[in-house]
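The structure appears below as structure tokens.
The values are calculated or read from the model by the stated rules, or taken from the named source; none is laboratory data. The model shown is predicted, which means the values in this text are computed figures rather than measured ones. Virtual Cβ from ideal backbone geometry, glycine too; neighbours counted across all protein chains shown.
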Amino acid sequence: MASDYDPAEFVDGDFQAHKSPNPGTFSASSPGGRAPSRDEVDTKVAQAQQRLADLKRAQEDLERERASLEETRRRQMEFQTGREEMIQNLTRGLGLLEQAEFNSRRDAEQMAKALTELRAALAQIQAIREDTWTKDSFPVELTRALTALENARMEWNSSRLKFPVLSGEPPHPSSPTSADPKGSHLLTQYPFIDLCRVGFALTWPLALVALMAFITLLVFLGRR
């Protein structure tokens, strides 16, 4: 025959009386209602200090990690900014240097051509030997000499227009010894009156040579 169930029969009254309501917290009273001993308090204090030290070390580790991450981010931004800046500078510099190289090569070619022509004109003038002229060949040799001299003068004036250094002027900083192949750029740098003088200087010797050759030919034919 079953008896009535009494829950109190399976509960330890002394255990329930001494059980702490919160196991994770330190109770001011020890089991049995007695006050905690000094050793127990010192142990709890040491444990709390250890936990605080552990937390402080963890905070310091996090601070160092944060500082390292911030430095990495700063260096990444510096790299990206510097890369974009250098790409722009190098691209622009390459374009400017390529254009300057092209202009310099063109100017060098024009200068080399002018040097060749000036040397040829100088050699042609130096080759004139007046002591070898005879009475019969004098008119022809004189005409040839005047023609060579006029050609040399024209070459010299043309070179002076192309290369200001020949006139004692410093080269332009933006385009040293550079000139437009047709001379249009350089001609615009001179006043109109100067251009007229240059044109007259280039044309009147030819007219004079032609006139002298014509007169010499008439005299030569008159003697015969």
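Conditions tested, residue by residue: (1) at pLDDT below 90; (2) in a loop (DSSP other than H, G, I, E, B).
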site: GLU109; (1), (2): no, no
site: LEU122; (1), (2): no, no
site: ASP136; (1), (2): yes, yes
site: GLU141; (1), (2): yes, no
site: GLU150; (1), (2): no, no
site: SER158; (1), (2): yes, no
Quick one: is GLY32 at pLDDT below 95, in a helix (DSSP H, G or I) and exposed (fewer than 10 other Cβ atoms within 10 Å of the Cβ)? yes
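Looking only at region 195-206, decide whether some residue is part of a loop (DSSP other than H, G, I, E, B), loosely packed, with under 12 Cβ neighbours inside 10 Å and modelled with pLDDT under 65.
Taking region 195-206 first, the residues part of a loop (DSSP other than H, G, I, E, B) are none.
Checking region 195-206: not a single residue is part of a loop (DSSP other than H, G, I, E, B), loosely packed, with under 12 Cβ neighbours inside 10 Å and modelled with pLDDT under 65.
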Looking only at region 135-142, decide whether some residue is buried (at least 16 other Cβ atoms within 10 Å of the Cβ), acidic (Asp, Glu) and in contact (Cβ under 8 Å) with a residue 24 or more places away in the chain. no
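State whether the residues of region 89-104 include one that is in a loop (DSSP other than H, G, I, E, B) and of a type outside the set (Ser, Thr, Tyr). Don't jump to the end; show me each part of the working.
Step one: list which residues in region 89-104 are in a loop (DSSP other than H, G, I, E, B), which gives none.
Scanning region 89-104, I find no residue that is in a loop (DSSP other than H, G, I, E, B) and of a type outside the set (Ser, Thr, Tyr), so the answer is no.
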